[in-house]
Amino acid sequence: MSPYRDGAQALLEGDRTFAGLYAVAAMGPVRAVFAGNDGTIDVETVGVADGAVPSIVDLVPAAAWDEREAHDLYGIRFDGHEPLRPLVHHDLDLASWTVAVHGPDAYQVAVGPIHAGVIESGHFRFHLVGEKILHLDARLFYKHRGLERAAEGAELDDGILYVARACAACSVTNSVAYAQAVERLLGYRAGPELARARTVLLELERVWSHLNDVSAVCAGTGLAAGAQRFAGLTERARRLNEDLTGHRFLFGSVCVRGSRLTLDAVAIGVAQRELAELRAQASSGWRELLFNRSFQDRLPGVGVVRSRDARRLGASGPAARASGLEEDARAASPDLAYDAFVPAIQTRALGDVQGRLEQRHLELEQSFELLETLLDGPLEPIAAENGGVSRPLGAARVESPRGATLCVVEGNGDRVARVHLRTGSYANWPVVAHAAAGNMLPDFPLINKSFELCYACADR
């Protein structure tokens, strides 16, 4: 084995989790990032020789999409990754990017990239026998916007504008991850008040997102009353965001090397009252769902992801915890106000649609409790503390509503040389494909909504 693979294997055999992989440029190098349970981040780097580097996909299957993306964008081969199917590059040859499925009565159904709903572009190629899904090939990256490349050369403080626009649903998470990466690059750290301000914003983002995801599962079962009820609560949560920060999706609320968030006693009182009402209404709505027999009958045993498969595929966020993996980046966030945080894990962690829905309910309650504690006093603009130790690369990992998001920033003086963003949605898309196999084709919309991933995060 190469030193690169040896290093990766040693980290994986320790307490490290694969967090992402990216190519710096067309001629390399390639960096693999690993996260520890204590919040530390390790980077293994390998140079490109004759256009290739060793693959680590046999050591960590979760790196498959990362290696395919690096190959498509930078032309780097990954020796040992066979077949290295295109991901970002949309080859017109169907056989080049799909898995061949043969047998009596096997056929294909193509869905998307244009859908009936107002959503991003995504193509799903189902391989079926009758109504049963044998395999699913998912193709995203239809609106690849080149945000990472566009950020290159920007001032470090301004690079956050590109990262924040990668996805409206995870704008705060992406922005906080970028801000922390730059601060670690420059030798800054967040004091208690800066950590509190950012954590408040992260949990406000999680509240509206989880309410929206409950609504989506209701829509996936055809329960219009539940979908509309939780959609209404989602709207109220977004209006609260606008009242507190000036933007429904909290855009512009995070900055590098400090916080501009201002919440006086009046604003804190408004937030506390509205969050308490949202919590009561969400709890009432949840009880209605629990006692709706036809709704509950649609959830168990659908889209199952076993614990071992969730770990192998690199599942993250509520989807991983619904499969029994006790992993949450909030528990290892030294620069955020998650002191003594313990991931919420349900006793029934079977990894199906029911489990993913119930996991969001648990985490929604947890977010309400966190915000009740965090909003214990006014918030004023504050600067990060300068520790004076800079480095050529800064990396941060922040828990989004859909899983851990990694942001790596490489600097060139006071400007961005390279930024890489790997979101929780990006990590979980291959898990959706796995969850679909073995189910009936009409169940896929429900399975997909139980993950409720962002397409835009891949189209960054």
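Here are a few things to note about the model shown:
- Loop-located chymotrypsin sites (Phe, Trp or Tyr not before Pro) in the stretch 280-353, at most 12 other Cβ atoms within 10 Å (DSSP): 291
- Anisotropy class of the stretch 166-228 from Cα gyration tensor, a/c 1.5 cut: prolate
- Fraction of accessible area attributable to carbon and sulfur, the chain (%, probe 1.4 Å): 52 percent
- Summary of the geometry: the stretch 398-456 and the stretch 126-182, compared by the centres of their Cα atoms, lie 7 Å apart.
- Listed values for the stretch 267-284 are Karplus-derived 3J(HN,Hα) couplings in whole Hz (6.51 cos²θ - 1.76 cosθ + 1.60, θ = phi - 60°), namely 5, 4, x, 4, 4, 4, 5, 5, 5, 5, 5, 4, 5, 5, 5, 5, 5, 5, and x replaces Gly and Pro.
- Taking every DSSP helix (H) stretch of at least 4 residues in the chain, weighting each as -39,500 (n - 2.57) and dividing the sum by the residue count yields a mean residue ellipticity at 222 nm of -13000 deg cm²/dmol.
- Solvent exposure ordering (accessible area, 1.4 Å, most first) of 157, 38: 38, 157
- Label zone at residue 131, where the point sits 7 Å out along the Cα-to-Cβ direction: the stretch 97-115 residues whose backbone N lies under 19 Å: 105-111
- What the chain shows is 40 Å² of accessible area per residue, with the surface traced by a 1.4 Å probe over protein heavy atoms.
- Annotation for the stretch 88-104 versus the stretch 16-86: alpha-carbon center distance of 23 Å.
- Using a probe of 1.4 Å, the accessible surface attributed to residue 307 totals some 50 Å² when neighbouring protein chains are kept in position.
- Anisotropy class of the stretch 350-456 from Cα gyration tensor, a/c 1.5 cut: oblate
- Of the residues 89, 102, 144, 127, ranked by 1.4 Å probe accessible area with the largest first, the sequence reads 102, 89, 144, 127.
- C-alpha center-to-center spacing [the stretch 224-266, the stretch 372-397] in angstrom: 20 Å
- In this Cβ point-charge picture (+1 for Lys and Arg, -1 for Asp and Glu), the chain has a dipole of about 700 debye about its Cα centre.
- Taking all protein chains as they are arranged and a probe of 1.4 Å, the heavy atoms of residue 440 leave approximately 90 Å² accessible to solvent.
- Ordered from highest to lowest accessible area with the whole protein assembly present and a 1.4 Å probe, 391, 248, 196 read as 391, 248, 196.
- Burial order of peptide ranges 53-62, 146-155 (average beta-carbon count within 10 Å, highest first): 53-62, 146-155
The values are calculated or read from the model by the stated rules, or taken from the named source; none is laboratory data. If you're wondering where the values come from, they're calculated on a predicted model, not measured in any experiment. Neighbour counts run over all protein chains shown; Cβ positions are idealised from the backbone, glycine included. Just the protein is used for accessible areas: all its heavy atoms, side chains included, with ligands, DNA and RNA removed. Shrake-Rupley method; radii C 1.70, N 1.55, O 1.52, S 1.80 Å.
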